[in-house]
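Below: the structure, in structure tokens.
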Amino acid sequence: MWNLQFQAPKIIEASIWSSVPDSFRVAQENAWAKLNKPGQLIDSFLEGPVFDTQGNLYVTDIPYGRIFKISSDKKWELVIQYEGWPNGMVFDQTGHLWIADHQQGLLRLDPISKMMEAVLTGPENSDEQFIGLNDLVFDGKGNLFFTDQGQTGLHDPSGKVYCLEPSGALHEIVGNVPSPNGLVFDISGRFLFVSATRSNNIWRMPIFDDYSTGKVGAFQTFFGASGPDGLALDAKDNLYVAHASLGGVFQLNKRGELMAYIKTPIGQTVTNLCFTPDQKSIIMTESSSGHILIAPIPT
């Protein structure tokens, strides 16, 4: 994981930007916790941070099917609560919020009217359901790429990466990922990075014009009880990796060298991340404690 200069990475301390208000903390038994955090009472599990054009931050709370909006002055609003496990989110150009939901599939929400619609519940021309969507990202052509993670891992490397064209055509890019999670394109738009959480590495795959791929490789490999989760890319082609058991975010340059480590001040479960609208700071979800963290982007 070291860089080729064999220098220790720059360490940056994150700070707490906001936290789930006590009025929204509901510690009780639930199906998501029994599956993913057995024996624990979970009052929230934050994921999917994304900003709208007005500077409001949206996050999901997976176990309780909640989507929150947090204003720039850190006031929390419950946008919607429904029967599902929402994870990653992304806005489209019309201002609609697309949601990767583990139970319900691919959803689209109008944050103004609060109207939710199911876009896809499973693969095309099949009676099967997705095994459990996790995260999603648009490319420069308006194609939506998303991961179908379910409970896959090294014991069952059958997680998939899909692409949904604006026309509605669906393509399977790969189908052998041990727990596909966060995903992001490089600046060129030619290569897609995908977190393979249970093999604890980042896959780098070219995306061809016919929605196929080839020569998929491991861009960087980590360690720990869990693995890489959410991904983000800055204007210099540096990749940011939220690691769900190593307590922070790793900054990798375009050769995969480790340049900086952003350390959480609380908890160890940093699951997802995004940049602030001014592109000067990075926002992270520390899911085990219900905190949202912030840190300056390493230079």
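Scan segment 126-152 residue by residue and report those that are on the phi > 0 side of the Ramachandran plot and touching a strand residue (DSSP E or B) at 6+ places or on another chain (Cβ under 9 Å).
GLY132, GLY150, listed by residue number.
Quick one: count up the residues across segment 99-142 that are basic (Lys, Arg) and part of a loop (DSSP other than H, G, I, E, B).
Going through segment 99-142 one residue at a time, the tally reaches 2.
Here's the yes/no breakdown for (1) under 15 Å from the mean Cα position of the chain (by Cα); (2) exposed (fewer than 15 other Cβ atoms within 10 Å of the Cβ); (3) closer than 19 Å to VAL50 by Cβ:
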| position | (1), (2), (3) |
| --- | --- |
| ILE207 | no, no, no |
| LYS215 | no, yes, no |
| ASP229 | yes, no, yes |
| THR264 | no, no, no |
| THR271 | yes, no, yes |
| ILE283 | yes, no, yes |
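For segment 64-82, state whether one or more residues are at pLDDT below 95, part of a helix (DSSP H, G or I), within 30 Å of LEU164 (Cβ to Cβ) and within 21 Å of the chain's Cα centre (by Cα).
no
If you take just the strands (runs of 3 or more DSSP E) that sit entirely in segment 169-231, which of them hold at least 1 residues that are under 27 Å from GLU124 (Cβ atoms)?
In segment 169-231, 170-177, 180-185, 191-196, 201-206 are the strands (runs of 3 or more DSSP E) which contain 1 or more residues that are under 27 Å from GLU124 (Cβ atoms).
In segment 89-118, what count of residues is obtained for those that are in contact (Cβ under 8 Å) with a residue 40 or more places away in the chain and surrounded by 15 or more Cβ atoms within 10 Å (Cβ to Cβ)?
Total satisfying the criteria: 11.
Residues in segment 241-258: is at least one more than 17 Å from THR221 (Cα to Cα) and of a type in the set (Phe, Trp, Tyr)?
no
When the residues of segment 52-78 are filtered to those that are aliphatic (A, V, I, L, M) and crowded, with 17+ Cβ neighbours inside 10 Å, which remaining residue is farthest from GLN28 (Cα to Cα)?
My answer is LEU57.
Only one of (1) polar (S, T, N, Q); (2) surrounded by fewer than 16 Cβ atoms within 10 Å (Cβ to Cβ); (3) over 30 Å from SER281 (Cβ atoms) is not met by SER199, so which one is it?
(2)
How about segment 83-98: which of its residues are in a loop (DSSP other than H, G, I, E, B) and polar (S, T, N, Q)?
GLN93, THR94
Could you check segment 232-278 and list, in sequence order, the residues that are part of a strand (DSSP E or B) and either more than 17 Å from LEU183 (Cα to Cα) or in contact with a helix residue (DSSP H, G or I) (Cβ under 9 Å, 6 or more places away or on another chain) (or both)?
Scanning segment 232-278 gives GLY248, LEU258, MET259, ALA260, TYR261, ILE262, LYS263.
Inspect segment 25-40 for any residue being surrounded by 15 or more Cβ atoms within 10 Å (Cβ to Cβ), among the β-branched types (Val, Ile, Thr), at pLDDT 95 or above and not in a strand (DSSP E or B) and give the result as yes or no.
No, the conditions are met nowhere in segment 25-40.
Say we look at segment 130-163 and pick out the residues that are surrounded by 16 or more Cβ atoms within 10 Å (Cβ to Cβ) and acidic (Asp, Glu); which of these is farthest from the chain's Cα centre (by Cα)?
Applying the filter and picking the extreme gives ASP148.
The values are calculated or read from the model by the stated rules, or taken from the named source; none is laboratory data. All values derive from a computational prediction rather than experimental measurement. Glycine gets a Cβ as well: all are built from the backbone with ideal geometry, and neighbour counts include every protein chain shown.
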